[in-house]
Structures are given as C-alpha cells and as structure tokens.
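Undergrad: Here it is: the structure, laid out below.
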Amino acid sequence: MEAIASAAGVTKPVVYACFAGKEELFEALLRREESRVLAAIQDSMPADADVDDPEPLLVEALTAFLRAVADSPDAYRIIVVGEGATTEIARRIQHGRGLAVDAVAGLARGWLQGRVTEIDVEAGARLLGTVIVGLAESGARAMLRDPETWSPELLGELLGRMAAHGRGIL
C-alpha cells in the first residue's frame, strides 16, 4: 500500500480510503487486467478469421497479450507469476485464466471442425485453448525475467508459430 501511495503521489491513508486493504486492491487490479486481456484476445481473433491458416491470428493474439504484459509488468507479476497472491486472489486469477481459455477454445473449435481427430472436437478445442494460454503465460514469464532479450513482437511471433504448428497434432 505504501508503494502504491508513493507511485500515485498520495499518502497511504488516501489509498486506504479507496481500498480497504491489499485484497480489495488486488481484486480491482485483476478485474481491470482481466478486461484488458479478454478485449485484446477478442480484438485479435475475429469470428471470420481464416481457420485454414491460424498462424497470423495466433501471432497477433499472443503479441497483443505480451504487449499488455509489457505495458503493466507489475500487474502481470501478480497475475502470471502469482507474486503476493492470497488464496482468494489465486482463485480470481484462475477464473480469469479460465475465461481466456474459453475465448481461445472458441476459435480452436473452428480449426478442428470437420477434421478427423483422435479426440472429440470440444475436448480438443479446450486442450488447444489451455496450451495456447499456457504458451502466452510462459512467454510473459520469460519477458518479465529478461525484457532485454524478449520483446512482445519477437515472442508473439515465435509462440504464434509454435501454437499454429502444434495444433496439427490433434
């Protein structure tokens, strides 16, 4: 709370007047970042996207997510890495992650429709959604640890290609 007050140029009592404690502050932060990430995913994955060649779409979506991380690295240290997260905050992070998986799985269904796969289309779409969100989180961790090496654009390109080529195994 002291660091937030200092960064905002106010006193600690002012921060406490806005947020009862760390838990309430984290909740507000998570709501804000969850909305930003879901909007970035939705904006980069239009419903009429080319399902035959998802690589450009995946590159754009992963790059958009990683740009959001680069724009708010402290927020994402909490969200992606879990620094300072209580049990309730961890549950909220998992809820947000589930929403991201749902959004990506919705698109992945289109990639799998009409294909002969070893597993059910819905199960495959959920698996792809989970893997792609996991790739995004791994990229965020790498970028937060070593921002000199990993830019959102470089990681988005690499991870997007990985995800696009990995989808072929289903």
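Readers should treat all values here as calculations from the given coordinates under stated rules, not as data from a laboratory. Since we're looking at a predicted model, the values are computed, not measured. Neighbour counts run over all protein chains shown; Cβ positions are idealised from the backbone, glycine included.
Undergrad: Starting from 0.36 nm per residue, how many nanometres of slack lie between Arg31 and Arg145 once their C-alpha separation is accounted for?
TA: 38.6 nm
Undergrad: Would you mind getting me the FRET efficiency between Arg77 and Ala5? Use the beta-carbon distance for r and R0 = 25 Å, nearest 0.05.
TA: For Arg77 and Ala5, the calculated efficiency is 0.85.
Undergrad: Let me ask something additional. Determine ³J(HN,Hα), in whole Hz, for all residues of the stretch 155-164 in sequence, where each value follows from phi through the Karplus function 6.51 cos²θ - 1.76 cosθ + 1.60 and θ = phi - 60°; x replaces Gly and Pro.
TA: Coupling constants for the stretch 155-164: 5, x, 5, 5, 5, x, 5, 4, 5, 5 Hz.
Undergrad: What's the extension gain from Glu153 to Glu23 if we count 0.36 nm per residue and subtract their Cα-Cα distance?
TA: Values: separation 130, 0.36 × 130 = 46.80 nm, distance 3.31 nm.
Length gained between Glu153 and Glu23: 43.5 nm.
Undergrad: Compute the separation of the alpha-carbon centres of the stretch 1-38 and the stretch 124-144 and state it in Å as a whole number.
TA: Taking the Cα centre of the stretch 124-144 as reference, the centre of the stretch 1-38 is 27 Å away.
Undergrad: Now a separate question. If we sort 94-104, 20-30 on the protection proxy, mean other Cβ atoms within 10 Å, highest first, what's the order?
TA: 94-104, 20-30
Undergrad: Stretch His95-Asp43 to full length: gain in nm at 0.36 nm per residue minus the Cα-Cα span?
TA: Extending this stretch completely gives an extra 16.7 nm.
Undergrad: Can you list the HN-Hα couplings for the stretch 2-14, worked out from phi with the Karplus curve (6.51, -1.76, 1.60; θ = phi - 60°), rounded to whole Hz and with x for Gly and Pro?
TA: Using θ = phi - 60°, the values come out as 4, 5, 5, 4, 4, 5, 7, x, 10, 8, 4, x, 5 Hz.
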